[in-house]
Structures are given as C-alpha cells and as structure tokens.
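My questions will all concern the structure given below.
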C-alpha cells in the first residue's frame, strides 16, 4: 500500500505554504483555461443538462441569455439540450461558483495567483446587495443591468487599481488579519472587505481625477457589500486547494462542490474524478418570513473555503455569525474543534483567537472522515425557490462521498 | 436613605441612550471649557506640581515647551512651580488624556457630541506610530515635528472631512459593529479604525483635487494606526460618562482616571470630587526586551472606556488581544463575566458575540464593588521609563477608592 501520510503531509504543506495574490481582472473568456463562447459554467460536478432543476437550471438559462447565446428561455433550453450551448462545471476551468455560480465568456473574473505554487484561481464578482441575483437563480432586466454595471463600471475600475498596485494585492496578510477580526472567510468577510478596501484606496486616489464617477461607485460597491471579499477568498481558496491536486497517494480532499442535487468531492491522489452523493438538508436560520419549505439548493462552490481550512473550519473565529446562521458560540466552538479530528494539521499563520491562536485545521483526510464518522461542516448561504437568499446555515458533507472516494482510493493504491 | 437604585438606573439609562457623534475638530483653546493659554492638562485627579514625577512630569514640561510657554525644561519647571504655568486635570475641561494625556491651547482636539444628552466630550489626536510620543513622556525635536504634522496636516484634513459630512459621523453604529469584529474599543480599535476610514473616504474623494498631499497623508495616517480610533472612542466615552454626572443619589462611577501615582474615581451622586488611592501593579505583557522594572505609570484616562462598559468590560469581544496584553481566552471571558456583578445593566446595542450577544456591562455601582470585592478591570497600554510604550496589560481599580467614595456617599445620603 501507498504511504498516504507522506502524501497527505505534502498536500498540507502545499496548501499552508500557499500565498494567494490578487493580480488582475480579466474576462472569463480570456482567463479560464478551455473556456469557449458557447459555454455556461455552473457549480457542482458536471451533469447532463436535464439533471439541472429549479433555480440552478434558471440560472444557467439566464447566463445563456445574458451572453446572447439564445433569444429566449425556450431557445436556450433547446440549445442546451442539443449541445449547441454547453453547460459545464466551474472547477474544470480553474474557477469556483458562488451558489449557482454562472460564468459566461464576457463576464469579468478576479484572478488570484498562488505565487508559492505558480497556479491561478478565478472567481467572478459579487453581484451587489440586491436580493435578485443571477447566482440565486433569477434573471430579468434588473439582474441584467446589475451584471452590466459590474462588467462596465466595477470590474474595469478594480482592474485598473490592481494594475497600479504593481505586483498585486497579497491576500494572505488580509486573511490572517481578518481571522482576528471576526471573519471566517466564507459567510463572514466583513473585516476582509474593509482591509481590502483600505489597500485599494491609494490607487483609487490616483484614478479619481480621470474617472471620478467610476471610482466613487466602485468604492461604494466594494465597501457596502461585506460579501465583496468572498469572491477573492474563494479564488484564493481555489488557488490554494489546486496546489493539493494530483499528489500521488494523497487522500486529502482537493475540492468540494455541490449542485442542485449532488454533493461531490475530489481527492488529491485520484485526479479530477468526482465522488458524489445526495445533498443532506442544511441546518438553516432563515430570514423573517421564510420557512423550511422555501429552501432550495442551487449549487455552491464557496465550500472551497472549507477545503482549505476556512469557513466552517474557522467558525470559532467568527462568533458574530451566530446571528446570521444560527447556533450558539458553544456549538460553533465544538463543531470547529471537531474539524481538527479529520484534518492533517494546523495552519501556521491563519489562527483562531478563541482557541488561543491555534491554527485553522487544514487538509481534510478522507480516511479520517471515514474512521471518525465526522462530516466536514460548511457555512453556507441558503437560497429560496423564488430566486434570492433567504437565510444561512450549516451544511454537512455526506459520508457517502467519502466512502466512494476511499473505495476508489483502495482500488488504485491497495487497502490499508 | 436615598434610593440609589432609581438614581443608578437613571445613570444607566442616560449612558446607554447616549449617541456619540463626531462633529468637529477644534483647538483645545477654542473647544475646552475654561481652557487658558498658560494651562497644561494632564491625566488623573489634579495634584500639586511637585507630585508629578517621571514620565508624566516630563510630558507636562514637554507640553509647556511645545506651546512656547517656557524657554527650556528648567524654565518650565520654575514657571510650573510659581503658577505662571498651570498644570490641571483633563476631566475638568471636558476632555480625557491617553497616558500622560497632554493638552495645550494650540493642540487640535476631536469633538464628540452626545446628541441624546446635548453634552460634548473631547480628545486629542493619536500621535502616530513612532514609539516616541509626548503622551509617553518624551519631548524632543522628532516628537515636536510629529505634533506639528498632526496639527498642520492631519487635523485640518479630518476637520474639513467631518465638516463635509454635514451633521458629523455617528460613532454608535461604528462601535456596535466593531464589537462584532474583535474590538473592545480601548486596547483594540482595529475594526473601528477601518470602519471610520470607510466613512471618511467619500469626503476625502471630494477634497483630493484641492489638497492631494494632505488627503493622502491623512488617509495613510488614519489607516496605518489602529489606535487612531481610540481617541474617538475616548471622546465618545467621555461624552457618554458625563451624561451620568451629577445625578442626585447615584452610586454609579462617572469617571475613572489615574496619574503617575494615584487611581481616582468619581461617583455620579457626589459631584466632581475624586476618591483616590495608590495605583496597584498591572498584570502586564511586555514587548521583547523589557522587564517588570521598566514599567512606569505616567497617567491614563482611556479607562473612561471601561467607565461606560467597553475595554476590559468587553474584552470577551476581543480575544485577539491576548496576543498583545496576555491572558487566555478563558481568563478574558471570566474577567469579563465578573464585571456583570458590579454593574447596573447590559447595553441594549453594544453586544458581545461570544456571550451570545449579551450586552456589555454598563454602570459600575460602587456599592456592588464594595459588596462583592470585585475590582473593575481595565485594558491598558504600559509605558516604560525611557518614554515609550513597552507593553500592555490589565489594571485593577483599587478597592480603597470605592471605600472612600462609599464613605462620602453615606455621609451625604445616609447609610443603607
């Protein structure tokens, strides 16, 4: 049998040595390896078009319409069925999707380079504070205008600012500090958004005379949306997790992802194969006026943050989240502590003040998950069937994914 | 006997209803009631000049020199002895001093109005990141230049920005949010500084074309110094605590303050009389290279934050502080919890996430302190004899102050 511990330590070292740097803004067509004009990317292990349902299906159709690939929803559906428009999974194109996570070729993406490893992760932009968003399954004139505003005003301004920074904005120091300021980098990015804004202001000052309106609008957009930084956190996590891809013998999870129906994982030692199982219900706290029956899964790849030891794996750094996603501080600390039992080690620099500055637990070992029966926990936004966020909560990765993955691992490498 | 509970509830209501708003920047001479050109204000209940020793004495002399009231230190000493220059206590002039806390007439101050009560609190500006600062007992050409930079560049720029805000910058929402982001508003103001910076940027954008250098320098000064906001927090706390002054029958502490040798308190029902006792040693964590014997008290009135339920009374909101001032999260939570036993009630809006959003404990009741023997705890910066910050720690208010205060209370109002 292969010594998975050495491989896992390698995965752990590569993830914790990662130095994500926000380097540029590009279009998805320019940035994403393999991206084509007729492709719509969505969250989760890729499925056949007819398996996408509800809000995620609507979101893919919305993406096709936004990109001008179809004249109306029926036309988009026909073309998606025929393969004239291709629906595919974000992860295979170097990016990760928030909720439904729609990417089309013209949309702007944030590029985050893991300079320690030379690879790049991408994420698209937060759509802004409106509850109606494409990534929550809604597409109409209002959503289209917001997407165009992001494309025409926010993205070019952020692009120019980061270009002026010469070398990009290092995100590791921002994440390190934000963990000491109540963020866990998934459902809470309030401090990181402010810290990032602070880094951008000197460049915005330089640009103000030439582009006064764009600069003002962009600063307001960035600072009014505590979720602005989430997209950079996701791109950073993707660039970090990808450093643990394709490590011979590794049983460390290199990606987690879900679609409208399936939760999926990849292991570093098993290439790009997904191991999937039905989603389990989330433990949700819903906004006023919504009930359990309103909850609808539409996909989600922000769980890449948990893959690298953040989000639910750092929730004891973010007790303020209890207000948003429920639970008590004691529950949050206990859940967070249990994640140390299924991970390889502790991050040397990302630390949890409440745990006496213990490093966040990094590197989910599928063997440890199976042996302990402890499911990885994730802090997620909850979507409603009417196409908007209706709450937040805690999701657990199904054990069945890990059982399948370990089965495949044993087939390839021999049983322990 | 007087019903102190009703009076104390009144004090509590007035403190928790306080709405501090940063309204303007003025000179101390313009702003402080009773301020005169030959006055140097310092921290603590006022003492005769010959009782000020060490760094606090040096700081007062430095203030006199900065203001041009004397030709050299010997001249300043002579004039302070003769009364030609007057040394007095900050609190009687509506302001509070950080460490030695020097104010002279030409220095700029931040004005914070408690709009719910109509009174105003003042604090001077953070001197910047250099370890050599007047308020840590050092005065030389470098310190003088920093003070002039603050006076000539930072203060006028902040003054114009706040004027442009029309109505000022409300601080209550900033404090509320910062408590959810790891600040306790005394030894940690990292989030509040960022939140305040975010409020200022739109006005700095407006001013950039006219004053490009000043705006850039001011933004850098504000955002590089996590202590920038402390001075606003102190002015807000002073404006809040003063709302609990002069409430007939109140046994609630309306001010705490210390000099180089004495710790002093005031009670709301006993006018402006100070009750003083010798300072107790602080539980300190010192920066690399310093030892206990380097510690020197030079005064401090940032403990006005504890007077209104922040700082040490909110330390469980700021576990990151353990890195800076020592202690474990468990100790911090226990100390913080014990403060509920000596206070009147819980703030309706300033809350501690780790305590399940329990409001911070507000209104130190001297009777409860005496009955329980629990001393108020304060998060403080520690000064060294060489005139700089050498660490941070936890200070306890001496019980003897409270015994004297209760003695005077009983003399005035009759024993319980």
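Mind listing whichever residues of region B:321-349 are surrounded by 24 or more Cβ atoms within 10 Å (Cβ to Cβ) and closer than 20 Å to residue A:323 by Cβ?
The answer is B:336, B:347.
Let me ask something else. Looking only at region A:352-383, count every residue that is within 14 Å of chain B (Cβ to nearest Cβ) and either surrounded by 20 or more Cβ atoms within 10 Å (Cβ to Cβ) or over 25 Å from residue A:10 (Cα atoms) (or both) and tell me the total.
5
Also: Check whether at least one residue in region B:249-256 is more than 14 Å from every other protein chain (Cβ to nearest Cβ), closer than 23 Å to residue B:100 by Cα, at pLDDT 95 or above and over 14 Å from the mean Cα position of the chain (by Cα), and report yes or no.
Yes, that holds for at least one residue.
With the requirement that a residue be touching a helix residue (DSSP H, G or I) at 6+ places or on another chain (Cβ under 7 Å) and surrounded by fewer than 18 Cβ atoms within 10 Å (Cβ to Cβ), what does region B:400-416 give you?
Those that are touching a helix residue (DSSP H, G or I) at 6+ places or on another chain (Cβ under 7 Å) and surrounded by fewer than 18 Cβ atoms within 10 Å (Cβ to Cβ): B:403, B:408, B:412.
If we scan region A:144-157, do we find a residue that is under 30 Å from residue B:212 (Cβ atoms) and not in a helix (DSSP H, G or I)?
No, that holds for no residue.
While we're here: Give me a count of the residues in region B:118-158 that are in contact with a strand residue (DSSP E or B) (Cβ under 6 Å, 6 or more places away or on another chain) and surrounded by fewer than 16 Cβ atoms within 10 Å (Cβ to Cβ).
1
When residue A:68 is evaluated against the numbered criteria (1) without any contact (Cβ under 8 Å) to a residue 24 or more places away in the chain; (2) part of a helix (DSSP H, G or I), which criterion, by number, is the only one it fails?
(2)
Okay, moving on. Determine, yes or no, whether residue B:166 is outside any helix (DSSP H, G or I), crowded, with 24+ Cβ neighbours inside 10 Å and away from chain A (no Cβ under 11 Å).
no
If residue A:266 meets every condition in (1) closer than 26 Å to residue A:9 by Cα; (2) within 14 Å of the chain's Cα centre (by Cα) apart from one, which number is that one?
The number of the failed condition is (2).
Could I ask something else about it? Tell me which residues, restricted to region A:180-210, are touching a helix residue (DSSP H, G or I) at 6+ places or on another chain (Cβ under 7 Å), more than 11 Å from chain B (Cβ to nearest Cβ) and more than 23 Å from residue A:96 (Cα to Cα).
Across region A:180-210, the qualifying residue is only A:203.
Does residue B:106 satisfy being within 24 Å of residue B:146 (Cα to Cα), touching a residue at least 40 places away in the same chain (Cβ under 8 Å), surrounded by fewer than 17 Cβ atoms within 10 Å (Cβ to Cβ) and in contact with a helix residue (DSSP H, G or I) (Cβ under 7 Å, 6 or more places away or on another chain)?
Considered against the rule, which asks whether it is within 24 Å of residue B:146 (Cα to Cα), touching a residue at least 40 places away in the same chain (Cβ under 8 Å), surrounded by fewer than 17 Cβ atoms within 10 Å (Cβ to Cβ) and in contact with a helix residue (DSSP H, G or I) (Cβ under 7 Å, 6 or more places away or on another chain), residue B:106 comes out as yes.
Here's something else I'd like to know. If you go through region B:305-320 one residue at a time, do you hit one that is out of contact with any helix residue (DSSP H, G or I) (no Cβ under 6 Å at 6 or more places or on another chain) and more than 30 Å from residue B:254 (Cβ to Cβ)?
For region B:305-320, residues out of contact with any helix residue (DSSP H, G or I) (no Cβ under 6 Å at 6 or more places or on another chain) and more than 30 Å from residue B:254 (Cβ to Cβ): absent.
Related question: Are any residues in region B:211-232 more than 14 Å from chain A (Cβ to nearest Cβ) and closer than 15 Å to residue B:25 by Cα, and if so, which ones?
Answer for region B:211-232, where residues must be more than 14 Å from chain A (Cβ to nearest Cβ) and closer than 15 Å to residue B:25 by Cα: B:231, B:232.
Out of A:276, A:250, A:254, I need the residue that is under 16 Å from residue A:44 (Cα atoms) and crowded, with 24+ Cβ neighbours inside 10 Å. Which one?
A:254
Looking at B:243, B:239, which one is assigned to a helix (DSSP H, G or I), more than 14 Å from chain A (Cβ to nearest Cβ), touching a residue at least 12 places away in the same chain (Cβ under 8 Å) and closer than 30 Å to residue A:201 by Cβ?
The unique qualifying residue is B:239.
The values are calculated or read from the model by the stated rules, or taken from the named source; none is laboratory data. Predicted model, so just to flag it, every value in this text is computed and none were measured. Heads up, the Cβs are rebuilt from the backbone with ideal geometry, glycines too, and the neighbour counts pull from every protein chain shown.
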